[in-house]
Every structure is written in structure tokens, then in C-alpha cells.
Amino acid sequence: MKRFRSKEPYFMLAPSFLLLFIFLIYPLLSSFLYAFQSYKLTAPNDIGFNGIANFKAVFQDANFGMVLRNSFLWVVLTVGGQFVLGFILALALRKPFPGRNFYQAIVFLPWAVSSFVVGLTFRWLLNAEYGPVNDLLMKWGIIENKIYFLSDPNLALYTVILTMIWYGVPFFAIMLLAAMQSIPEDLYEAASIDGAGIWSKFWHITFSYIKQTIVLTLLLRTIWVFAAADLIYIMTAGGPANSSNILSSYMFMKAYATLDYGQASAIGLFFMALLIVFCYLFMRATKFEKAGNF
Amino acid sequence: MIRTQRALITISRVLILTMFLLGVLLPFYWLFITSLKPKLDILTTDIQYWPKNFTLDNYRVLWQSSNFDVFLKNSVLVSLGTGLFTTCFAILGGYALARYKFRGKQMAVYGLLLTQMIPGVMVMIPTVILFSKIGLMNNLGGLIMIYIVGNIPFCLILMRSFFDRIPVDLEEAALIDGCSKLRALFRVVLPIMLPGIVATFVFAFIGAWNELLCAIMFISSDEFKTIPVGLSMFVQNYDVNWGVMTAGAVMALVPSLIMFAIVQRFVVDGLTDGAVKG
């Protein structure tokens, strides 16, 4: 059937691509325009081009430096934590053993849960007055005073990061586990015969065999985590005083709370530029184009 | 020597997994038992790790004095709509990519992969503006459309990899037997692919069921709010009624958990295939 050439495939792909053009590509392109316009819903009569005023306002905002720093910490710590824990989990699940399916189903569970349920649950767990975390830490004598996880400006960001790590471990575990399961078992047998130890087997077989998957998942996950704003919105709404805002949540808050679509678009454009630079550098550093034509 | 090493590995495997297991389950346990506690037992500094008094009051309040039934109906509609349309479009497109050779195919695949790099928040504002121009704001159909767009690139690539796994010979045999192409697709190929189709549907369904930010931006009136939006409205108040909130969160969890339990294996296989081999 692969030999046939006809117009059919175009018709089959048309609905999907049509939707993507109207509701993804067109909005993406028009966000470039909105970034250079005054577009406040609170001042509907003032809508019009205003040059780089939005960018000026955004960059000069006293909070912007902190938001940038937060974004960096958020991406590095979250993706790093999720990756390391996901890797450990995948290794633990790699070989068949009694009860593996059960363990696998449970530890993958956070994947099926929405960020608002996760955010809500952790907000409640970490509640200073009635939450169990503070209570247990005090009972066990680990802390003397209550920790205000979500209302202390020095802690809020890290609290949300820890929650996000919890939420995203299954993704890495699923991807890495699947990749590990495609490693031919005789590679390990051959290595054993050659007298290879556990570490050398891990490094030369497990790690090098799934390198492509690692690179791909790190890339996709970084983009996703960078853009994820919903957990932050539910847990802290970016507060206190922007101390837990990252670029994407900052942008959402600008649009949703202050209805300033122009400035929000400017933040978005800057955000997009950062992502593109990152993807480019990441692909070069990892020689991504050689990592299989995915 | 080797035997003790093996035993050590097994022990550490079980230890690690048990720690993860507890880490995953304890938050859910806390959510669940809070929803079953009476208000006085929730708001107490003498924290009860095992509730003394069980009650279904929070669930009753949730159903009677909030719009939860409306939120639930909207969430079901939006998620089913998203799941069904996404799956149909993905079957069509995946079939085209797997079984035909055509000009621009490589570009189409790369285009789909590239859309994965566009963060959703980026297109939210222009879409809001577009929607308000064409009257799709505050409209469940508009929300479904956004979710289809969000899910389609991945689901289409996933579907394609499912088709790729089914030998073309099967269809060719059916064609020789006098089936039309469409008949061959429906009678021969799709039944074999049922697990993959279910996985795709569930993926899109859960995605739509759980989505929050777009729903907040696009829906403003109570009658069209989905569960995430409805509950997030409560939580932004200072006086959060944790009993009712947690009851709502448990209700919101049920459908995703049931679906996840049923298709966990396909989803895991499907995700891997779709993302790794593309």
C-alpha cells in the first residue's frame, strides 16, 4: 500500500492541520503583534501599537530579575530532581519480580492526577496550623518552630519545586523504563562473561543504550516544566510578593489578574526566545540530530 | 559472593520501591481521610492521623450547596468531546502517515514534533482575543477545540506508531479478497489496534479532564465551569473549607483513576512507543 500515491493522505491530515493552523500557528504569530501593542482589557479604547513600551515596562519591573532567577531555579531543580528520581525508579522496576505490576501502577499514579488536585493536596499537607507535615516534624523534634512553607517568601518557590518533582517523577520513570526494557538481555550476559562489574555494566550498557531517550525526555520535559504554571497558580498564585513566580506563571498572572495582554505577550515573546536559545544550545551540546531521527 | 550481591540488589530494589510507594500514597491518603472528617476534626491542632469520626457531610455539602453537578457535567462533556474528536483525527492522520508516501510527509512529521515545543501559555492570549472575535469565549465547544489542538500532535504520532506495528500484508490480503480500503481499515486494522485507540482516547480525555489554566482563561460564567476551575475558585478564598475542597478533589480524581487503572499498561506502552520511536 505504501506504493500508492494519491491525494487521500492530504484529506486525512487536513482536519488536524487545519485546527493546528487556526488555533496554534496563527495565535503564535499574532502574539508577536500583541507584544508591540497597548492591549489592556481595562482600557479598551487605547488598543494600538506602542513600539517597545511593553518590553520596557516588563524589563524595568522590580520583580523581573527575581522572576528570571526563579525560572532558572525552577527548571534546573525540577527537571534535575525528576530525572534523578525517575532514573532510580526505572532501575528498580527494570527486572521482573513478584509484585512488579502492582508497584508500577502505584508509582506511576501521579501522572494521572491533575495539577490542581496535586496543588490542593500539598497545600493542605503543608498547612502550617492543621497540616501533618509540620506536626510530624515537630513531634519528631526535627524542627522547633512551624515552617510556613507557602507563605514564607524564602521557601515558597522551593516548596512548589518539591511538589512539582513529586508530580513529574512518573514521566521520567515511564520513559526510561520503556527504553531500558528494549536493551537486549544478552548484552548483560556477555558483559558478565567478560567479568564486568555492576557499575561498568550500568555505564556501558544501560546508560549508553538509552542515551537517546534521556536526551529527548530531558528536552521535552524542560520545555514542559518551563511552561507549567498551573501548580504555581494553585499553590501560591506566584506569591508571596512574586517570590514563587516564574516567567510562565508571571505571564499568566499578568494576563489573568491585570488583564494587560500587551505586557503579557511581551513576557511570552521573551520566554519563547529563551526557549529557542535553550533548545538550540541543548541540541548542539547533545548532538541531538545524530540521536536518531525521531 | 554473587548470591549475596543479588540478594542485596533485591532488597534495595524493594526498599526503594516501597519508599516511592509511600511517597505517592500518603498524600492521597491525607486527601481522602480529610474529606471524611467532620469540620471540627479537620480544624484542630491535635491532628488525627486516623480519623475518629467518619462522615459523608463534606460530600453532601459539595453536591447540595455548590455547583458541583454543573461542573461535573461540563467536565464530562468537554473531556468526552476532546477524547472522541482527538482520537478520530489522530486515527485518520496516523493512518495517512503510516500507510502512504506523499510529498511533504517528512515536513508534516517535523511540524507536528515542533508544535510540541510551543508552550501552551504562549498562545493563550492571542487565542482569547481570537475567540472573543468569533464568539467562542465562554463556550464549551471553544474549550474542546483548544484541548484537541493541545493533544493532537502527540496523539497523531502515537497513532502512527500503532499503525506501523501492524503488518501491511493484513490489509493487502483483505484488499485481494475484495474489501474496499475503508472496509479493510475498519474490519481488519482497527480491531487489532483497539488497545492503542483506547490509550489515545484516555490520554486526551485525562488531559482535558485535568486542564486548569485555559479553562480559567476561556470560561467565565459558572454554568460552563469545569471541575478544576470550579474548585480553584474556592481555593483562592482565604476561608477555605478544606473538608468540602478535599471531597471535591477526591470526586475529581475518581474518573482519572478508574481510566488509569483500566488502561495503565497500554498507556505506558503507547507513550513509550509514540515518544521514543515516533
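The values are calculated or read from the model by the stated rules, or taken from the named source; none is laboratory data. Quantities reported herein were computed from a predicted structural model and do not represent experimental measurements. Ideal geometry is used to build each Cβ from the backbone, glycine not excepted, and the neighbour counts take in all protein chains shown. All accessible areas refer to the heavy atoms of the entire protein, side chains included, with ligands and DNA or RNA removed. Shrake-Rupley method; radii C 1.70, N 1.55, O 1.52, S 1.80 Å.
Can you tell me which of (1) within 13 Å of chain A (Cβ to nearest Cβ); (2) within 26 Å of B:Tyr110 (Cβ to Cβ) is the one B:Trp242 doesn't meet?
Condition (2) is where B:Trp242 drops out.
Considering only residues that are out of contact with any Gly (no Cβ under 8 Å at 6 or more places or on another chain) and within 26 Å of A:Leu89 (Cβ to Cβ), which ones fall in the range A:141-161?
A:Ile142, A:Phe149, A:Leu157, A:Tyr158, A:Thr159, A:Val160
Every residue in the range A:81-120 that is more than 9 Å from every other protein chain (Cβ to nearest Cβ) and among the small types (Gly, Ala, Ser), please.
A:Gly81, A:Gly86, A:Ala90
Yes or no, residue by residue, for (1) at the interface with another protein chain (Cβ under 9 Å from one of its Cβ atoms); (2) closer than 30 Å to B:Leu43 by Cα; (3) open to solvent by less than 10 Å² (accessible area, probe 1.4 Å):
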position: B:Ser66; (1), (2), (3): no, yes, no
position: B:Lys73; (1), (2), (3): no, no, no
position: B:Lys101; (1), (2), (3): yes, no, no
position: B:Leu112; (1), (2), (3): yes, no, yes
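Got a sec? Which helices (runs of 4 or more DSSP H) wholly within the range B:167-266 have at least 3 residues that are open to solvent by 30 Å² or more (accessible area, probe 1.4 Å) and free of Cβ contacts under 8 Å to residues at least 24 places away in the same chain?
Because the criterion is at least 3 residues that are open to solvent by 30 Å² or more (accessible area, probe 1.4 Å) and free of Cβ contacts under 8 Å to residues at least 24 places away in the same chain, the helices (runs of 4 or more DSSP H) in the range B:167-266 that meet it are B:168-176, B:181-184.
Could you pull out the residue among A:Ser38, A:Ser31 that is surrounded by 17 or more Cβ atoms within 10 Å (Cβ to Cβ), more than 10 Å from every other protein chain (Cβ to nearest Cβ), under 34 Å from the mean Cα position of the chain (by Cα) and not charged (D, E, K, R)?
Just a single option satisfies the conditions, and that option is A:Ser38.
Please go through the range A:13-26 and pick out each residue that is open to solvent by 30 Å² or more (accessible area, probe 1.4 Å) and facing chain B (nearest Cβ under 7 Å).
A:Pro15
So how many residues does the range A:194-241 have that are part of a loop (DSSP other than H, G, I, E, B) and within 30 Å of A:Trp124 (Cα to Cα)?
Total satisfying the criteria: 8.
When the range B:125-147 is examined, which residues are found to be in a helix (DSSP H, G or I) and either open to solvent by 10 Å² or more (accessible area, probe 1.4 Å) or in contact with a strand residue (DSSP E or B) (Cβ under 9 Å, 6 or more places away or on another chain) (or both)?
Answer for the range B:125-147, where residues must be in a helix (DSSP H, G or I) and either open to solvent by 10 Å² or more (accessible area, probe 1.4 Å) or in contact with a strand residue (DSSP E or B) (Cβ under 9 Å, 6 or more places away or on another chain) (or both): B:Leu130, B:Ser132, B:Lys133, B:Ile134, B:Leu140, B:Gly141, B:Ile144, B:Met145, B:Ile146, B:Tyr147.
Please pick out the residue among A:Ala257, A:Ala229, A:Ala264 that is over 19 Å from A:Thr78 (Cβ atoms), facing chain B (nearest Cβ under 10 Å) and either surrounded by fewer than 23 Cβ atoms within 10 Å (Cβ to Cβ) or free of Cβ contacts under 8 Å to residues at least 24 places away in the same chain (or both).
A:Ala264
Please go through the range B:24-48 and give me each residue that is under 30 Å from A:Phe171 (Cα atoms) and open to solvent by 40 Å² or more (accessible area, probe 1.4 Å), ordered by number.
Correct list: B:Leu25, B:Leu26, B:Tyr29, B:Phe32.
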